[in-house]
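Each reported figure results from applying straightforward, stated rules to the coordinates on display, with no laboratory input. It should be emphasised that the depicted structure is a prediction, and the values quoted were computed from it without experimental measurement. As a convention, Cβ positions derive from the backbone with ideal geometry for all residues, glycine included, and neighbour counts pool all protein chains shown.
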Amino acid sequence: MRKTRKSARRSGVILMVVLSLLTLFAIVGLTFVFYAQSNKSASLHWREAGFRQTEEAREVADVVSMDLLRSLVAPTDFSASHEVIDSLEKSSGALLDEVCRAAEDEKDPKEKLVLQAMCRTMEAIVKAIARLQWLIRQIELTPQLAAG
């Protein structure tokens, strides 16, 4: 009985951490968009890329949240979560490369600073996505509590 309570607490903590990371994605994505919008000279391309990134992060949050809630009551296949996270990781990595390359090539010092800040934001997003992927794998390895 004691192990079940301890396992339930652990699952609850992992769920809270994952939900916190999903919230972080949304906040960081919106920050990326608002930062790009606040600089009138920032390209429309970067703003649109930020919006796409935010929408994709919302989709990830929806899918992962549903899988996590299901995992609390029954064995759950996280393949849909892995699929949307992998897609977000791929698109975020591509955007990171594009933004950082643009920052390196930029001649205008003000624009260069803006692009470097966007590059740092994208680096944080890519790291957070990797942490989310790792957490989902850890949850998959945790014995299911609903088996009894």
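Here are the numbers for this structure:
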{"quantity": "Simple spin-label estimate for ARG101 and ARG131 in nanometres, 7 Å along Cα-Cβ", "calculated": "2.8 nm"}
{"quantity": "Distance in nm between pseudo-label sites at LYS110 and THR142 (7 Å out along the Cβ direction from Cα)", "calculated": "4.9 nm"}
{"quantity": "Sorted by Cβ neighbour density within 10 Å, fewest at the top, the residues LEU132, LEU15", "calculated": "LEU15, LEU132"}
{"quantity": "FRET efficiency for ARG70 and ARG120, using Cβ-Cβ distance with R0 set to 35 Å, rounded to 0.05", "calculated": "0.50"}
